[in-house]
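Have a look at the structure below, then the notes.
The values are calculated or read from the model by the stated rules, or taken from the named source; none is laboratory data. What you are looking at is a predicted structure, and each value in this text was computed from that prediction instead of being measured. Counting neighbours? That spans all protein chains shown, and the Cβs are built from the backbone with ideal geometry, glycine included. Heavy atoms of the whole protein, side chains included, go into the accessibility calculation; ligands, DNA and RNA do not. Shrake-Rupley method; radii C 1.70, N 1.55, O 1.52, S 1.80 Å.
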Amino acid sequence: MASIFTRIVQGEIPSYKVAENERFYAFLDINPMAPGHTLVIPKQETDYLFDIADEDYQALMLFAKRVAEGIFKAIPCKRVGVAVLGMEVPHAHIHLVPLQTEADMDFRKEKVQLSREEFERIASAIAESIQ
Ligand code: AMP
């Protein structure tokens, strides 16, 4: 069965898209740790990040770097934090989180509630900031 993220890539499930090319897709996390929390995924479904072939892995990381640069421009923050867990969704994904403090990257803390309008505004601000 296709992962929820494959269904997002295929347009079956909506997402707040931030960036896309033929191989990779970036969209806002629906339960963000901070406004601008973004997930970067390969369109080709692989569960575990480190099972991805070397060349695809390098290209994914470079794509994530471009997205992180866009987040940094669009969202006031000190750093963009990077994490990979994959405990919930079995489709490799990189979390990019705008950080003011270390606590912004605590996966156990209460998530930020945003309206649809706020998600849309943040997604387009990041999208416009990506080179
Ligand atoms: P993990 O697999 O532990 O890295 O966590 C999966 C992440 O995916 C969580 O931060 C969820 O909030 C996020 N997530 C799950 N479903 C969706 C969705 N439909 N759209 C955006 N983010 C999602």
* How many residues, within region 8-37, are open to solvent by 60 Å² or more (accessible area, probe 1.4 Å) and either modelled with pLDDT under 95 or part of a strand (DSSP E or B) (or both)? -> 2
* Would you say Ala68 is of a type in the set (Gly, Ala, Ser), open to solvent by less than 70 Å² (accessible area, probe 1.4 Å) and part of a loop (DSSP other than H, G, I, E, B)? -> no
* Asked: Which residues, counting only those in region 56-83, are within 16 Å of the ligand (Cβ to nearest atom) and closer than 13 Å to Pro42 by Cα?
  -> Leu60, Ala64
* Matching option when the condition is of a type in the set (Asp, Glu), open to solvent by 60 Å² or more (accessible area, probe 1.4 Å) and either out of contact with any helix residue (DSSP H, G or I) (no Cβ under 8 Å at 6 or more places or on another chain) or within 13 Å of the ligand (Cβ to nearest atom) (or both), among Glu120, Glu45, Glu128 -> Glu120
* Kindly provide the set of residues from region 96-131 that are of a type in the set (Gly, Ala, Ser) and either in a loop (DSSP other than H, G, I, E, B) or over 19 Å from Ala64 (Cα atoms) (or both), ordered by number. => Ala103, Ser115
* **Residue in region 100-118 that is among the basic types (Lys, Arg) and under 26 Å from Glu12 (Cβ atoms) present** => yes
* Given (1) open to solvent by less than 10 Å² (accessible area, probe 1.4 Å); (2) closer than 22 Å to Gln113 by Cβ, index of the condition Ile94 fails -> (2)
* To do: Return yes or no: is Val40 of a type in the set (A, V, I, L, M), modelled with pLDDT of 95 or more, under 14 Å from the mean Cα position of the chain (by Cα) and away from the ligand (no atom under 15 Å from the Cβ)?
  => no
* Structure fact -> Residue count, region 4-36, condition within 15 Å of the ligand (Cβ to nearest atom) and touching a helix residue (DSSP H, G or I) at 6+ places or on another chain (Cβ under 9 Å), comes to 19
